[in-house]
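Each remark here refers to the structure printed beneath this line.
The values are calculated or read from the model by the stated rules, or taken from the named source; none is laboratory data. For clarity, every value in this text was computed on a predicted model and none was experimentally measured. We place every Cβ from the backbone using ideal geometry, glycine too, and count neighbours over all the protein chains shown.
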Amino acid sequence: MTQTTLFDPCTLGEIPLSNRIVMAPLTRNRAAAGLVPGPQAAQYYAQRATAGLIISEASQISRQGQGYQDTPGIYTGAQVAGFSCNCGMWGGFHMWICNRMGPRRSRLRPSRPRERPS
């Protein structure tokens, strides 16, 4: 049996990875106005680009799905453009609806009930 190290290349399904380091989805609360990811997001991920695989920013899929302040969304054209302009680094998203973390009505939008996963 061949011994491998954390820094040896590997394959995850059909995806070749430069090493065995995998970064889980993160939520950094740094979105700009309109919950658009900005240059800070690109800088953050560029600093960690040597990881074998980065599962990107956790992004809410609708306005009602937001559970934390200043987290980026992926439901408007401006948000999609914000992710797209960040050096083309975005190959996939960790999409979420934050519903179990708070009351039925969001503190951020009290007039609308929260969306729930199916």
With the condition kept exactly as written, say whether any residue in region 34-56 is free of Cβ contacts under 8 Å to residues at least 12 places away in the same chain, β-branched (Val, Ile, Thr) and more than 15 Å from Gln79 (Cα to Cα). no
Take the residues in region 13-53 that are modelled with pLDDT of 90 or more and among the aliphatic types (A, V, I, L, M); name whichever of them is surrounded by the fewest Cβ atoms within 10 Å (Cβ to Cβ). Ala33
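Among the residues in region 60-81, are any under 26 Å from Ser18 (Cα atoms), modelled with pLDDT under 85, surrounded by 14 or more Cβ atoms within 10 Å (Cβ to Cβ) and in contact with a Ser or Thr (Cβ under 9 Å, 6 or more places away or on another chain)?
Going residue by residue through region 60-81, those that are under 26 Å from Ser18 (Cα atoms) are none.
No, every residue in region 60-81 fails to be under 26 Å from Ser18 (Cα atoms), modelled with pLDDT under 85, surrounded by 14 or more Cβ atoms within 10 Å (Cβ to Cβ) and in contact with a Ser or Thr (Cβ under 9 Å, 6 or more places away or on another chain).
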By my count, strands (runs of 3 or more DSSP E) wholly in region 1-62 with at least 3 residues that are closer than 27 Å to Gly82 by Cβ are 58-60
